[in-house]
Amino acid sequence: SQQGEEDPQALSIQEGENATMNCSYKTSINNLQWYRQNSGRGLVHLILIRSNEREKHSGRLRVTLDTSKKSSSLLITASRAADTASYFCATDVQGGSEKLVFGKGTKLTVNP
Amino acid sequence: KAGVTQTPRYLIKTRGQQVTLSCSPISGHRSVSWYQQTPGQGLQFLFEYFSETQRNKGNFPGRFSGRQFSNSRSEMNVSTLELGDSALYLCASSLVPGTQYFGPGTRLTVL
């Protein structure tokens, strides 16, 4: 079953623009992670935000978490063609399980 | 440190056959998880192993099984393959609860 739901399903922007992707989830979590996947290859970990954190930055990435709304957003600033990929949010259910529940992802296309 | 490795990268099988996929975690990581990715169902959790014990299992039929060895390497096996088992199978390892590091995946095609 899908816990996270990303929005939008697809996003097309020009290089240099910012890209914002949203994720909603259903149950209480320990943390939320964002991953990137290029063309059906392996997942690359981008950032992890814990349930007691509200915002986190890593390079051009900014992630926010609102546990009251059970939602998160990923902002990629000054996007590049190389950022073209699918982006997934993943949550782990409280209880210490290593099981990650993924959303269906946002397919981002950055046009040069 | 070397990343998570998975072998083989690509596999073609026919219905009814069985298949074994292998995963070597990042050195020092004791938790290994497996996921199936299909266009229709997305990424779904199969199972997780820690210190040779299955700690968690997803909602998959008994045809899907796995194991973990003392060196933390893991294998998953799918018996009596069905067309719907065609997918990208991803393995991930972690050191502590939280960040999981994924391998490149094994692309299984069932004909």
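The values are calculated or read from the model by the stated rules, or taken from the named source; none is laboratory data. All values derive from a computational prediction rather than experimental measurement. All Cβ positions, glycine included, derive from the backbone under ideal geometry; neighbour counts span all protein chains shown. The protein model used for the area step is the full one, side chains on, heavy atoms only, and it has no ligands, DNA or RNA in it. Shrake-Rupley method; radii C 1.70, N 1.55, O 1.52, S 1.80 Å.
Kindly list the number of the only condition in (1) within 14 Å of another protein chain (Cβ to nearest Cβ); (2) under 10 Å from the mean Cα position of the chain (by Cα); (3) within 27 Å of A:GLU6 (Cβ to Cβ) that fails for B:PHE64.
(1)
Suppose the filter is of a type outside the set (S, T, N, Q), under 19 Å from B:TRP34 (Cα atoms) and open to solvent by less than 70 Å² (accessible area, probe 1.4 Å); does A:GLY42 pass it?
yes
Looking only at the range A:52-76, which residues are surrounded by 14 or more Cβ atoms within 10 Å (Cβ to Cβ) and either without any contact (Cβ under 8 Å) to a residue 12 or more places away in the chain or among the β-branched types (Val, Ile, Thr) (or both)?
Of everything in the range A:52-76, those that are surrounded by 14 or more Cβ atoms within 10 Å (Cβ to Cβ) and either without any contact (Cβ under 8 Å) to a residue 12 or more places away in the chain or among the β-branched types (Val, Ile, Thr) (or both) turn out to be A:LYS56, A:VAL63, A:THR64, A:THR67, A:ILE76.
State yes or no: is B:PRO39 out of contact with any Ser or Thr (no Cβ under 8 Å at 6 or more places or on another chain), more than 17 Å from A:ARG41 (Cβ to Cβ) and open to solvent by 60 Å² or more (accessible area, probe 1.4 Å)?
no
Taking the conditions exactly as written (away from chain A (no Cβ under 14 Å), of a type in the set (Asp, Glu) and either under 22 Å from A:VAL93 (Cβ atoms) or open to solvent by 10 Å² or more (accessible area, probe 1.4 Å) (or both)), does B:GLU48 satisfy them or not?
no
Could you list, in sequence order, all residues of the range A:12-36 that are closer than 19 Å to A:ALA78 by Cα and either part of a loop (DSSP other than H, G, I, E, B) or open to solvent by less than 40 Å² (accessible area, probe 1.4 Å) (or both)?
Selection gives A:ILE13, A:GLU15, A:GLY16, A:GLU17, A:ASN18, A:ALA19, A:MET21, A:TRP34, A:TYR35.
When residues of the range B:51-82 are filtered for being farther than 20 Å from B:SER94 by Cβ and open to solvent by 70 Å² or more (accessible area, probe 1.4 Å), how many remain?
Adding up the residues that qualify gives 4.
Could we say that A:GLN14 is more than 22 Å from B:VAL32 (Cβ to Cβ) and in contact (Cβ under 8 Å) with a residue 24 or more places away in the chain here?
Here the answer is yes, as A:GLN14 does meet what is asked.
Of the residues B:SER27, B:SER70, B:SER33, only one is closer than 24 Å to A:GLN37 by Cα and in contact with an Asp or Glu (Cβ under 9 Å, 6 or more places away or on another chain); which?
Unique residue meeting the criteria: B:SER33.
Kindly indicate whether B:GLY98 is at pLDDT 95 or above, small (Gly, Ala, Ser), surrounded by 13 or more Cβ atoms within 10 Å (Cβ to Cβ) and at positive phi.
It is false that B:GLY98 is at pLDDT 95 or above, small (Gly, Ala, Ser), surrounded by 13 or more Cβ atoms within 10 Å (Cβ to Cβ) and at positive phi.
Regarding the range B:16-30, can at least one residue be identified that is within 13 Å of chain A (Cβ to nearest Cβ), part of a strand (DSSP E or B) and open to solvent by 70 Å² or more (accessible area, probe 1.4 Å)?
Taking every residue of the range B:16-30 in turn, none turns out to be within 13 Å of chain A (Cβ to nearest Cβ), part of a strand (DSSP E or B) and open to solvent by 70 Å² or more (accessible area, probe 1.4 Å).
Return the only residue of B:PHE102, B:PHE60, B:PHE69, B:PHE64 being among the aromatic types (Phe, Trp, Tyr) and more than 27 Å from A:THR91 (Cβ to Cβ).
B:PHE69
Yes or no, residue by residue, for (1) within 14 Å of chain B (Cβ to nearest Cβ); (2) out of contact with any Leu (no Cβ under 9 Å at 6 or more places or on another chain); (3) buried (at least 17 other Cβ atoms within 10 Å of the Cβ):
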residue: A:ALA78; (1), (2), (3): no, yes, no
residue: A:ALA82; (1), (2), (3): no, yes, no
residue: A:GLU98; (1), (2), (3): yes, yes, yes
residue: A:THR109; (1), (2), (3): no, no, no
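When you scan the range B:83-111, how many residues do you find that are under 16 Å from the mean Cα position of the chain (by Cα) and at the interface with chain A (Cβ under 7 Å from one of its Cβ atoms)?
9
Test B:THR80 against the stated conditions and say whether it is of a type outside the set (A, V, I, L, M), assigned to a strand (DSSP E or B) and either away from chain A (no Cβ under 12 Å) or more than 22 Å from B:GLY42 (Cβ to Cβ) (or both).
So B:THR80 fails the test.
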